[in-house]
Amino acid sequence: MGKLSDVIFSATNFVANKIQQPAVILLYHRVTDLAADPQDLAVSPANFDAQLQHLKAAYNVLDADQFLYHVKEKKKFPERSVFITFDDGYADNYLEATPLLEKHAAPALFYITTSKLNTTLEQWWDDLERVLLTGRSLPANLNITINGGAHQFNTASSQHITDTYYALQGILRFCAPDVIDHAMQDLYTWAQCGPEGRPTHRMMTFDELKAMAKNPYVHIGCHTHRHPAVGMLPFQQQLEEIGQSKEILETLLQQPMKHFSYPFGSRKFLGTKRYYNADSIRACKELGLEMVCANYYGQVHSWSNPYALPRILVRDWSLDVFKTNMERFFKM
Ligand SMILES: [Zn+2]
């Protein structure tokens, strides 16, 4: 906050929320206790438990079909409507989040990235952490070519290594999947390690996902096959990335996929870089997807675009912080 554009954005939200009672979509990634969480993606099971209890007591938690109905039919949402979503498909979604959803009778929609399901491989942003930040001894310099561009990093101290980690996160998130895979292979060679991931950072197995999808409080959607910033890809590749995850999930779960969320999904762009664009929306429509979530701050109204809905990221907040934030989310 503070920048003029941010002030205008909150003022616009404030007015819209006065005109019509909004709904809020919450975005989670993981529910588990982690020793380190440099991307700040995990909510502890204790905090998630308390957050769900509060949501059920003070809000109207809609399920995926109810939410889709309001979005598609452009109907005003019931008062204090909340929709719970998860991105990526980590194993803890099944092992730790689902039992708590069931305990509180709270429905949620899980958007699943398919390429690393049923493997011991980590998503590249976790893999980068595993290679760089888990205390292995590393060379003092890293020279790496990414997408034809030469990059040089000082990795002589732990602070330099942390800086390198954040710099590479920033570069790789706008790269095509093949470029990311190639960079990770180079990093394994440089760090003298293999691709085998940590059990704490694995995705679900096929059996876990199938079992989770049978839970009455769980709804499944797709989130691409390899998790690229689709806005950086040509239309045909966007169609393939999104379509492949849809097809894999439909075959595995024997149910139609209507829901999708853009990887990363933020509207904060760096120069010409885009997490999603008009071609992404076209691809989603062509594939028959009916409701698509992005990842930028805002509330949902009857007039919201069903192909780029705002979501609000939940961090590992204690109950008090969560309560205060929830009140604010409905206002501005
Ligand atoms: Zn994601």
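Per-structure values
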{"quantity": "Positive dipole terminus of the chain, leading residue within Ser81, Thr224, Leu55 (C-beta point charges)", "calculated": "Ser81"}
{"quantity": "Most to least packed among 291-299, 72-80 [average Cβ atoms within 10 Å]", "calculated": "291-299, 72-80"}
{"quantity": "Net charge contributed by nearby residues that have their C-beta within less than 15 Å of Asn141 (K/R +1, D/E -1)", "calculated": "-2"}
{"quantity": "Share of pairwise Cα separations in the range 216-315, more than 18 Å, in percent", "calculated": "45 percent"}
{"quantity": "Formal net charge of residues neighbouring Ala36 (Cβ-Cβ distance under 12 Å; K, R +1; D, E -1)", "calculated": "-3"}
{"quantity": "Among beta bridges that DSSP assigns inside the range 19-167, antiparallel share in %, nearest 5", "calculated": "30 percent"}
{"quantity": "The chain - percent of accessible surface contributed by carbon and sulfur, probe 1.4 Å", "calculated": "52 percent"}
{"quantity": "Cβ-defined net charge surrounding Asn47, 11 Å radius [Lys, Arg +1; Asp, Glu -1]", "calculated": "-3"}
{"quantity": "Interchain or long-range residues, amide H under 5 Å from Tyr307's placed H", "calculated": "Val292"}
{"quantity": "Computed log₁₀ I(q)/I(0) - Debye formula, equal Cα scatterers, no solvent, the range 48-105, q 0.17, 0.26, 0.31 Å⁻¹", "calculated": "-0.64, -1.10, -1.25"}
{"quantity": "Value of [θ]222 nm, deg cm²/dmol, for the chain, DSSP H segments ≥ 4, -39500 (n - 2.57) each, nearest 500", "calculated": "-12500 deg cm²/dmol"}
{"quantity": "Principal axis box of the range 110-216, alpha-carbon based, largest edge first, Å", "calculated": "50, 28, 20"}
{"quantity": "3J(HN,Hα) from dihedral phi, the range 36-51, Karplus parametrisation 6.51/-1.76/1.60, rounded to Hz, x for glycine, proline", "calculated": "9, 8, x, 8, 6, 9, 9, 9, 5, x, 5, 5, 5, 4, 5, 4"}
{"quantity": "Directionally averaged projected area (convex hull, Cα atoms, the range 1-65), nm²", "calculated": "6.9 nm²"}
{"quantity": "Rg(Cα) / (2.2 N^0.38 Å) computed for the chain, rounded to two decimals", "calculated": "0.99"}
{"quantity": "Accessible area expressed per residue, the chain, with surrounding protein chains retained (probe 1.4 Å, Å²)", "calculated": "44 Å²"}
{"quantity": "Most fluctuating residue given options Ala97, Ala16, Ala167, as computed from a GNM of the chain linking Cα atoms under 10 Å", "calculated": "Ala167"}
{"quantity": "At most 10 other Cβ within 10 Å, DSSP loop - trypsin sites (Lys or Arg not before Pro), the range 201-266", "calculated": "Lys214"}
{"quantity": "Relative contact order (%) - the range 125-191, alpha-carbon pairs under 8 angstrom, separation at least six", "calculated": "37 percent"}
{"quantity": "Arg30 long-range amide H proximity, modeled H, under 5 Å", "calculated": "Val43"}
{"quantity": "The chain - share of DSSP beta bridges that are antiparallel (%, nearest 5)", "calculated": "25 percent"}
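The values are calculated or read from the model by the stated rules, or taken from the named source; none is laboratory data. The shown structure was predicted, so the numbers you read here are calculated from the model rather than taken from an experiment. Here the Cβ is made from the backbone with ideal geometry for all residues, glycine too, and neighbour counts use every protein chain on show. Each accessible area value is taken on the protein alone, full model and side chains, heavy atoms only, with ligands, DNA and RNA left out. Shrake-Rupley method; radii C 1.70, N 1.55, O 1.52, S 1.80 Å.
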